[in-house]
Amino acid sequence: MEQQNIAVGLDIGTTKIVAMIGRYNEYNKVEILGIGKSKSLGVHRGVVNNITQTIQSVQQAVQEAENVSGIKIKDVVVGIAGQHIRSLQHSDYITRSNADAVIDSTDIDALCNQVHKLVMLPGEEIIHVLPQEYKVDGQSEIKEPIGMYGGRVEANFHVVVGQVASIRNIGRCVKSAGLNLDRITLEPLASADAVLSQEEKEAGVALIDIGGGTTDLAIFKDGIIRHTAVIPFGGNVITEDIKEGCSIIEKQAELLKIKFGSAWPGENKDNEIVSIPGLRGRDPKEITLKNLSKIIHARVVEIIEQVYLEIKNYGHEEQKKKLIAGIVLTGGGSQLKHLKQLVEYITGMDTRIGYPNEHLAGDSDSETTSPMFATAVGLVMNSLEQGLFNSEEKEVLENIQEDVGIEDGDAAPRETTVKTPSAPKKSIFDRWAEKFKDFLDNAE
């Protein structure tokens with residue numbers, strides 16, 4: 001089967017790499033056709049630190065997804081996280097030469113392009129430029145200025161920045177695994193697409209995605225992304241603490257955390273004990289569940305407090321910025337027992353666990369709807385939406401080419417895109433991805 005109207009999300013995480021293949025079914029829900037996962041060996045805190053191992057892990061996950069679905073994977077959308085990601089707020093404006101013409105997508109493109117020219121710190125690159133509200137001739141709080149009249153167009157932007165080297169390393173791994181990098185998306189944004197409803201985004205919500213190496217945060221209010229942050233702690237640090245505190249090997253510590261771990265020490269009685277087989281010829285170790293949950297509790301509190309600090313930095317305590325829908329927890333780490341209660345206790349905000357089943361077809365199996373796969377589901381959805389846009393755009397371009405009589409082989413200026421009302425605009429980020437692909441090709 002060919003990769004047509006099908007999208008592939010590749011989540012390169014610290015503990016696992018997931019390749020997920022999906023498409024829209026007749027009810028416009030996302031149907032997952034195949035999923036492949038492999039242990040992630042070359043990634044530390046969301047950043048690739050061993051290219052060879054990462055390539056092998058990516059190939060393994062892709063191979064498994066191909067075997068399950070019978071579809072050959074070519075193009076993938078990749079998620080990016082890691083401690084090098086930071087975000088900033090920026091305002092910019094353009095003055096239009098012809099104020100009597102209505103504002104169209106070319107003006108918005110010009111405005112976003114201007115933000116892309118921002119001078120970053122050495123070795124950093126802009127990943128996303130996300131417009132928030134617009135202002136036209138001093139009239140503020142405009143969400144969609146296209147079609148309006150005005151001479152001066154201003155906008156507030158949420159700009160996500162990452163390290164060039166980390167982004168290129170991900171591109172190199174994907175390319176070396178025999179795949180084509182379609183786009184890079186910030187992981188908390190992908191997870192948000194998968195688990196949040198539009199009502200929550202309007203009311204104000206903080207999405208906390210607890211992964212193996214990092215905890216990602218995305219804050220929405222009035223349907224607009226307001227703040228993103230990546231905290232360099234995740235589930236692996238908890239496992240490390242159990243390993244040190246109980247003097248056991250990592251594999252046993254991970255199993256203990258999953259099977260018996262709790263974020264609330266008061267739940268366990270003093271006489272509840274679990275016995276762990278000793279290493280070759282040594283006596284088994286006995287660990288009280290109360291001690292285990294005390295170790296987990298201490299680290300989880302640290303992670304939540306760091307996240308809560310970011311929520312406060314956004315300005316959650318101001319009346320206008322209040323997050324009415326509270327907190328949504330997702331990612332593999334959100335499955336820890338009693339975590340929801342602990343988050344509510346520390347932050348005083350309503351909390352729920354986010355499952356990526358809102359946009360999935362009804363017959364999806366329980367594994368796919370686990371919070372562990374929220375990012376992968378979000379990447380697939382992201383790619384499918386973009387695919388719809390691109391196919392419409394392509395159709396319009398083909399029609400125009402036929403009218404004008406341009407052959408495919410004819411040389412045409414690279415940046416020329418035809419703007420028509422029916423074709424959604426090609427985002428600046430897509431153009432950046434094209435340049436990025438060219439860079440990789442030339443780096444061979």
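Here's the picture: charge each Lys and Arg Cβ at +1 and each Asp and Glu Cβ at -1 in region 5-45, and of S38, M20, V8 the one pushed furthest to the positive end of that dipole is S38. Protection proxy ranking for 278-285, 359-366, using the average of other Cβ atoms within 10 Å per residue and placing the highest first: 359-366, 278-285. The equivalent ellipsoid of region 324-393 has semi-axes of 29, 15, 9 Å, largest first, where each one is the square root of 5 times an eigenvalue of the Cα gyration tensor. Within the chain, DSSP assigns beta bridges of which about 75% are antiparallel (rounded to the nearest 5).
Among the GluC sites (Glu not before Pro) found in region 236-279, those both in a DSSP coil and sparsely packed, with 14 or fewer other Cβ atoms within 10 Å of their Cβ, are E272.
Considering only G278, L118, P131, and ranking their Cα positions along the charge dipole of the chain that arises from unit charges at the beta-carbon of Lys, Arg, Asp and Glu, the one farthest toward the positive end is G278. Once Rg and the Kirkwood radius are both taken over the C-alpha atoms of region 131-231, their ratio Rg/Rh works out to 1.07. When the Cα convex hull of region 22-146 is projected onto planes of every orientation, the mean area is 12.4 nm². Sites listed here are GluC sites (Glu not before Pro) in region 280-379 whose DSSP assignment is loop and whose Cβ has at most 10 other Cβ atoms within 10 Å: E317, E318. Rounded if a/c is under 1.5, else prolate if a/b beats b/c, else oblate: with a ≥ b ≥ c from the C-alpha gyration tensor eigenvalues square-rooted, which is region 61-106? Taking the square roots of the gyration eigenvalues as a ≥ b ≥ c, region 61-106 is oblate.
All C-alpha pair distances within the chain, sorted into 20 Å bins from zero, spread as 23, 55, 19, 3, 0 percent across the bins.
Heavy atoms of the protein chains alone define the surface here; on that basis region 238-369 has 57 Å² accessible area per residue at 1.4 Å probe size. Element breakdown for the chain at a 1.4 angstrom probe: carbon and sulfur atoms account for 48% of the accessible area. For region 126-173, the list of trypsin sites (Lys or Arg not before Pro) that fall in a loop by DSSP and count at most 15 other C-beta atoms within 10 angstrom reads K143. Look at where the Cα atoms of region 64-82 and of region 287-334 average out, and the two centres are 32 Å apart.
In terms of overall dimensions, region 174-313 has a Cα radius of gyration and Dmax of 19.3, 61 angstrom.
The values are calculated or read from the model by the stated rules, or taken from the named source; none is laboratory data. Remember, predicted model here, so these are calculated numbers, not experimental data. Because the Cβ atoms are built from the backbone with ideal geometry, glycine has one as well, and the counts that use them run over all protein chains shown. When the accessible area is computed, the model is the full protein with side chains, heavy atoms only, and any ligands, DNA or RNA have been set aside. Shrake-Rupley method; radii C 1.70, N 1.55, O 1.52, S 1.80 Å.
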